[in-house]
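Peer 1: What follows is a single structure, and I will ask about it in a moment.
Read-outs throughout are calculated quantities, based only on the coordinates presented, and are distinct from any laboratory measurement. None of the values given here were measured: they were computed from a predicted structure. Please note: Cβ atoms are built from the backbone with ideal geometry, for glycine as well, and neighbour counts cover all protein chains shown.
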Ligand code: NCD
């Protein structure tokens, strides 16, 4: 059976720490890795839109000396003819050495993995999980703070449908002394199953609020998210909730000097462009980190050491 990464808990904490160390080494000396995956092929199968995740996977594989194939729209594959995800994956696993897939249905990568002879990486499944964004987030936090424990993190925005939030809460619940502040409209609270599994069962403290400004002074990290338009059942609700939180330079006046602001991107309007100039904005660094940690993950799943 190949090793798949469907959920962030498919990696142990030690493995995550090793991936971060490898990513740091890649950043320090990229030339050392430029032929690591020579003659290996990565397939990126995106049944849902993407910019960063797909391109960072592809850039990662190309920077390792490998090559890439795949599709960025379900309509350009045989899915449009009625082929099942299982048959598509079975086919691609005959050609590629490793597959990164994104799908609008929760659980699709898990189902797909049953038909694959090569490792499957979940690059986002519906409103469920997004483990490689979490690796990106963890590398970014580690680079910004020098640690993955002992801090207060605020998650703000669409915590209900935001898959990156679900995976990151899960991942951080395995590190020590983290205080979780969950900031969202009442309708977009963190799903009960995530709270139960990641926080309540482990006795990890958290607070829930609708008010970003009242909690901003206590935060070491602020993880902003987009309201996930494509997961809403009706447009009216989306329109009512989409502008719930807009981070501006004014709102940051009471925040810590040492705050780090993260966002998985894409942003719509929840962070004003003026915040990009604030030294606390870490989201463009986060975009770069996404490539390096994916390089580390691809090598690990292919069993390649440099
Ligand atoms: C996120 C996603 O696809 O879940 N984007 C990403 O992969 N960086 C966040 C989002 O779409 O809001």
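Peer 1: Do you know the relative contact order of segment 1-124, to the nearest whole percent, from alpha carbon pairs under 8 angstrom that are 6+ apart?
Peer 2: Computed value for segment 1-124: 31 percent relative contact order.
Peer 1: Additional query: When all C-alpha to C-alpha distances in segment 73-120 are sorted into bins of 10 Å, what percent of pairs does each bin hold, rounded to whole numbers?
Peer 2: 27, 62, 12
Peer 1: Of 239, 135, 159, how do they rank once you tally other Cβ atoms within 10 Å and put the fewest first?
Peer 2: Ranked by crowding around the Cβ, least crowded first: 239, 159, 135.
Peer 1: Taking Cα atoms, how many degrees apart are the long axis of helix 131-145 and the longest axis of the chain, rounded to 10 and kept between 0 and 90?
Peer 2: 50 degrees
Peer 1: Could you tell me the distance between the Cα centroids of segment 10-83 and segment 198-214, to the nearest Å?
Peer 2: Cα centroid to Cα centroid, the span is 33 Å.
Peer 1: Which value in Å does the Kirkwood hydrodynamic radius of segment 43-172 take, with 1/r averaged over all unlike C-alpha pairs and then inverted?
Peer 2: For segment 43-172, inverting the mean 1/r across all distinct Cα pairs yields 15.7 Å.
Peer 1: Continuing with this model, one more query. Under the √(5λ) rule applied to the eigenvalues of the Cα gyration tensor, what semi-axes describe the equivalent ellipsoid of segment 102-199? Give them in Å, descending. Each step should come with its number before you reach the end.
Peer 2: Values: eigenvalues 119, 63, 23 Å².
Equivalent ellipsoid semi-axes, largest first: 24, 18, 11 Å.
Peer 1: Per 5 Å bin, what percent of the C-alpha pairs of segment 131-285 does each bin hold, from zero upward?
Peer 2: Pair shares across the bins are 2, 9, 20, 24, 22, 15, 6, 2, 0.
Peer 1: Summing -39500 (n - 2.57) over the DSSP H runs of n ≥ 4 in the chain and dividing by its residue number, what mean residue ellipticity at 222 nm do you reach, to the nearest 500 deg cm²/dmol?
Peer 2: Counting only the DSSP helices, I get -9500 deg cm²/dmol.
Peer 1: So for 294, 3, 192, 174, fewest C-beta neighbours within 10 Å to most, what's the order?
Peer 2: Listing 294, 3, 192, 174 from fewest to most nearby Cβ atoms yields 192, 3, 174, 294.
Peer 1: As I understand it, the value is the acute angle between the Cα axis of helix 13-28 and the longest principal axis of the Cα atoms of the chain; what does it come to in degrees, rounded to 10?
Peer 2: For 13-28 against the chain, the angle is about 80 degrees.
Peer 1: A further question follows. Can you tell me the Rg and Dmax of the chain, counting just the alpha carbons, in angstroms?
Peer 2: That works out to 19.0, 55 Å for Rg and Dmax.
Peer 1: Looking at the chain, send over the antiparallel percent of its DSSP beta bridges, to the nearest 5.
Peer 2: 5 percent
Peer 1: Ok, one more. Rounded to the nearest Å, what's the spacing between the alpha carbon centres of segment 239-306 and segment 98-159? Just the number, please.
Peer 2: If you average the Cα positions of each part, the centres end up 15 Å apart.
Peer 1: Here's a follow-up. Can I get the semi-axes of segment 1-109's equivalent ellipsoid? Compute them from the C-alpha gyration tensor as square roots of 5 times the eigenvalues, in angstrom, largest first.
Peer 2: Details: eigenvalues 140, 57, 33 Å².
Working through the eigenvalues yields semi-axes of 26, 17, 13 Å.
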